[in-house]
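Chemist: Structure below; questions to follow.
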Amino acid sequence: MKNFLLITGIIVVGLASLQSTSDILYSTQPPVEKTGAPNEGLCSDCHINSGGGNGSVSIDFNDGNNLFKYGETYPITVNVEDSEQSRFGFELTEIDQTGITIGEFTLLNQDNTALQSANNRDYVSHFEADDNNSWEFEWTAPPESSGITEVTFYAAGNATNNNGSTSGDHVYSTSLTVELDTQGLDDEENPISKVYQSNSDLNLAYFSGQQTELKIRLFDISGRVVSSFVKQANAGNNLFSLPIEKADQGVHIISVTDNGKTHTGKVVLR
């Protein structure tokens, strides 16, 4: 019986030591795939008894303007709020409709943020967690050739009691979807004046400053090229009828490349 009790005591001490070691390692940098995104877990996978709490985690994209333009860079701030706790951490990822990261993250402060990658996803997280509960970094939108019209950011926040173990912490999660800004250009800058559906055709109204060749592509929401066309534009206003029998219903992006410059428009097919 004494031997059994001794072995049991060793196992209990060993588990407690392992839990404490895990807490120390993850306070430096969390494991990937803990953001609450599809097919992912949360910080609560490791931080046991992490329910409750009256706090939150939030994602601020470009000061609340949740629109992006292809290739442009935007500030992101993650905040974890919990007045009951004293040490904070987070992890965030961005995915498109196919479930992979399509943009690019840039760290602004490597003293408190870290970047990791796994399974076609990139993760920004805390580094050396302490009483700081706010982290800033940047995200660059994908190029126009991606055809992406929206992406979703997923974040998990961990507000801990700093007791050296993974118990008694509060885990929160959130998500934010940002969309392509198709209204940011005025008529002089964007020659696509109108895109609309007419039965099985897509009508494109386009102004050209000269006679030229246009390369036109239609993308679905996943970024797949549904149709492509080459059209000759006259100087002035043009109206093109494009057959779209192969296109499904839903949001699509049309791009027109004119003398090396690409313009885009958004249309919903029904």
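Chemist: Please go through the range 60-80 and pick out each residue that is assigned to a strand (DSSP E or B) and farther than 17 Å from Asn112 by Cα.
Modeler: Correct list: Asp60, Phe61, Leu67, Phe68, Thr73, Tyr74.
Chemist: Of everything in the range 139-156, what is part of a strand (DSSP E or B), among the polar types (S, T, N, Q) and buried (at least 21 other Cβ atoms within 10 Å of the Cβ)? Give them in sequence order.
Modeler: Within the range 139-156, no residue meets the criteria.
The rows are residues; the columns are (1) closer than 30 Å to Ile100 by Cα; (2) under 29 Å from the mean Cα position of the chain (by Cα); (3) touching a residue at least 60 places away in the same chain (Cβ under 8 Å).
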{"residue": "Lys215", "(1), (2), (3)": "yes, no, no"}
{"residue": "Ile221", "(1), (2), (3)": "yes, yes, yes"}
{"residue": "Val230", "(1), (2), (3)": "no, no, no"}
{"residue": "Ala247", "(1), (2), (3)": "yes, yes, no"}
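Chemist: To continue, here is another question. For the range 214-244: of the residues being in a loop (DSSP other than H, G, I, E, B) and of a type in the set (Gly, Ala, Ser), which is farthest from Asp201 (Cα to Cα)?
Modeler: Pass one, the range 214-244, residues in a loop (DSSP other than H, G, I, E, B): 220-224, 234-235, 244.
Cutting the leftovers down to of a type in the set (Gly, Ala, Ser) gives us 222-223, 235.
Numbers: Ser222: 21, Gly223: 20, Ala235: 23 Å.
The qualifying residue farthest from Asp201 (Cα to Cα) is Ala235.
Chemist: For the condition crowded, with 19+ Cβ neighbours inside 10 Å, out of contact with any helix residue (DSSP H, G or I) (no Cβ under 6 Å at 6 or more places or on another chain) and either modelled with pLDDT of 90 or more or assigned by TED's automatic domain parsing to the domain that holds Ser145 (or both), what is the one hit in Leu202, Leu239?
Modeler: Leu202
Chemist: Which one is surrounded by the fewest Cβ atoms within 10 Å (Cβ to Cβ), of the residues in the range 117-138 that are out of contact with any helix residue (DSSP H, G or I) (no Cβ under 9 Å at 6 or more places or on another chain) and among the aromatic types (Phe, Trp, Tyr)?
Modeler: Within the range 117-138, the match that is surrounded by the fewest Cβ atoms within 10 Å (Cβ to Cβ) is Phe137.
Chemist: Filter the range 81-124 for residues that are more than 23 Å from Glu179 (Cα to Cα) and outside any loop (DSSP other than H, G, I, E, B) and give the result.
Modeler: Correct list: Glu81, Arg87, Phe88, Gly89, Phe90, Thr113, Ala114, Leu115, Gln116, Ser117, Ala118.
Chemist: Kindly provide the set of residues from the range 83-92 that are modelled with pLDDT of 95 or more and either among the charged types (D, E, K, R) or more than 28 Å from Gly164 (Cβ to Cβ) (or both), ordered by number.
Modeler: Correct list: Glu91 only.
Chemist: How many of the residues in the range 245-259 are more than 29 Å from Gln211 (Cβ to Cβ) and assigned to a strand (DSSP E or B)?
Modeler: 2
Chemist: Could you tell me whether Val171 is in the same structural domain as Arg87 (by TED's automatic domain parsing) and buried (at least 18 other Cβ atoms within 10 Å of the Cβ)?
Modeler: Criteria met by Val171.
Chemist: Would you check if Gly168 is on the phi > 0 side of the Ramachandran plot, touching an Asp or Glu at 6+ places or on another chain (Cβ under 8 Å) and modelled with pLDDT under 95?
Modeler: So Gly168 does not fit the description; no.
The values are calculated or read from the model by the stated rules, or taken from the named source; none is laboratory data. Quick caveat: nothing in here was measured; it's all calculated off a predicted structure. Glycine also receives a Cβ, built like all others from the backbone with ideal geometry; neighbour counts cover every protein chain displayed.
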